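Working notes, structure below.
The values are calculated or read from the model by the stated rules, or taken from the named source; none is laboratory data. Since the structure is predicted, the reported quantities are computational estimates derived from the model, not experimental observations. Cβ: placed from backbone, ideal geometry, glycine included. Neighbour counts: every protein chain shown. These area figures cover heavy atoms from the full protein model, side chains too; ligands, DNA and RNA do not enter into them. Shrake-Rupley method; radii C 1.70, N 1.55, O 1.52, S 1.80 Å.
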Amino acid sequence: MADYLLPDVGEGLTEAEIVAWRVKEGDTVQINDIVVEIETAKSLVELPSPFAGVVTALLVPEGEMVPVGTAIISIGDPAEASAKPADAPAPAAADIGEIDLSNPAASGGGEGESLVGRNKADRGPVRRPRKGSASPSTEAAAATQMQVQGAFAPGGAQSQDVIESDEPAVPATPATEAPVGESRVLAKPPVRKLAKDLGVDLATVTATGPNGSVTRDDVTAASGSARTSYEAAAPTTSSYDAAERERREPIKGVRKMMSQAMVDSAFSAPHVTEWVTVDVTRTMDFVERLKARREFRDVKVSPLLVLARACMLAMRRTPEINSYWDEAAQEIVFKSYVNLGIAAATPRGLVVPNVKDAERLSLLDLAGALNQLTATARDGKTQPAEMSGGTFTITNVGVFGVDAGTPIINPGESAILCFGAVRKQPWVVSTDSGDEIAIRQVTQLALSFDHRHVDGEKGSRFLSDVAGIMEDPAAALLF
């Protein structure tokens, strides 16, 4: 019999939620068969079985959060498990004579039972006392308790097992009865507070609520205060229980991790956000030409692809955008690679997987990588390794019809670019005959950057370079 302990699937995670079991008790599994789906602080992960055998027990129910190292499933040979109890010798029964409660040693709990060095094997079987069983305070009560315990022994016969103890007997303390008339009045906490504020003794209030509970109206009536006719006629919400009109969700998994990351970033890195409005008509035309090409027919091509390439080209002139502030070492770390993160909204929260070494990919390969990345994220299958090590992030709020925003930088990065919706708008266009107003496709870009080491000049230059490429994709040849 082997217990499968919840592993650390990466990035030093300390806990995970059991989302769905893929097996049930009695199923036969082989090594590397998927047995459970868990949700970590970063993503959904399918766990394979490290053992082969029969599932004997699912130790953790679905929906429960457990720490790493907890046994979650038992796998083994059920024949071995059933054979072991049969081979074990049955404990010898002893007759129970009269119990002298005045002599602790006679009841098996005397001083001799806790001698140092005595082997437990010499003492015979030991049973733990039942939880909730009170110590009898008199000999008559002790005899009654023994009769009750014997009446509920298996088969209806009185139990003859001897209960031995490793600890000295504790003198019984007579139970104290609660004074008559001091039973606790049933009332909700808000009702108790109202009674306290009005100086009403709940014990004197006539209860009219469910199960004999005291309501707000009972307290108000007892205090002698009457509502005005206007208050009685006006609709109020005080008679409704707020808990019935509220829904609470536990903060866990991806949402918990992302919320902590955003708080850490917002209160550690001084954010500065700049905007620019861009005519992207030529980029939209370029996207349509790419879609018509044979090599791009099997991938989704969007303006996000051009924007991603534009950002990596602009980083060549402003490498500070692809660096980060190492507070512990008091250094600025410049990276010669780009792990391009794309923020993706999922039912379980916001995730930011990234394309590793995106600067090395061709435009076609980058399009395929972005398609795969977003599809995996929406399915909730992004692995922790795919979300670690990001160097720069793009968040595309335009898919929701939003023009722009002030995004928060991901921890470990220095900047994040917000891509707004592309809309047709009147725009001043310069021609050989002068300025004209034309309908163009326009968008907004918003760049948030860490002002500790990316100053306004560098941030503005990067944003201007990106906007220049989006306005005229041919400008990419200049980088």
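With every protein chain kept in place and ligands, DNA and RNA left out, what is the accessible area per residue of the range 243-366? Probe 1.4 Å, answer in Å².
59 Å²
Loop-located trypsin sites (Lys or Arg not before Pro) in the range 254-309 (DSSP state not H, G, I, E or B) with no more than 12 neighbouring Cβ atoms inside 10 Å: 293, 297. Candidates 336, 323, 304 compared by Cα position along the dipole of the range 273-361: farthest toward the positive end lies 304, with charges placed on Cβ. Roughly how many percent of the accessible protein surface of the range 1-79 is carbon and sulfur, given a 1.4 Å probe and a whole-percent answer? The nonpolar share, carbon plus sulfur, comes to 52 percent. Going by amide H atoms built from the backbone, whose H comes under 5 Å of the H on residue 272, apart from near neighbours? Hits under the 5 Å cutoff: 449, 451. Dipole magnitude for the range 1-75: computed about the Cα centre from +1 point charges on Lys and Arg Cβ and -1 point charges on Asp and Glu Cβ, it is near 160 debye.
If the segment from residue 24 to residue 275 were pulled out straight at 0.36 nm per residue, it would be longer than the present Cα-Cα gap by 84.9 nm.
Rounded to the nearest 20, the size of the Cβ-charge dipole of the range 359-415 about its Cα centre is 120 debye, with Lys and Arg at +1 and Asp and Glu at -1. The calculated FRET efficiency for residue 451 paired with residue 57, based on their beta-carbon distance and R0 = 56 Å, is about 0.50.
Gyration tensor analysis over the Cα atoms of the range 380-479 returns equivalent ellipsoid semi-axes of 30, 18, 13 Å (largest first, whole Å). Cβ-Cβ distance of residue 388 and residue 474, R₀ of 35 Å, FRET efficiency by 1/(1 + (r/R0)^6): the value works out to about 0.45. In plain terms, the C-alpha convex hull of the range 317-466 casts an average shadow of 11.4 nm² when viewed from every direction.
I'd like the Kirkwood hydrodynamic radius of the range 351-433, using the inverse of the mean 1/r over distinct C-alpha pairs, in Å. Every distinct Cα pair counted, the radius reaches 15.1 Å.
Ligands, DNA and RNA left out, the 1.4 Å accessible surface of the range 247-327 is 51% carbon and sulfur atoms. Computed from the C-beta positions of residue 186 and residue 256, the FRET efficiency with R₀ = 41 Å rounds to 0.65. The accessible surface of the range 341-479, taken with every protein chain in place and a 1.4 Å probe, is 53 percent carbon and sulfur. Taking all protein chains into account, the per residue accessible area for the range 9-58 stands at 44 Å² (1.4 Å probe).
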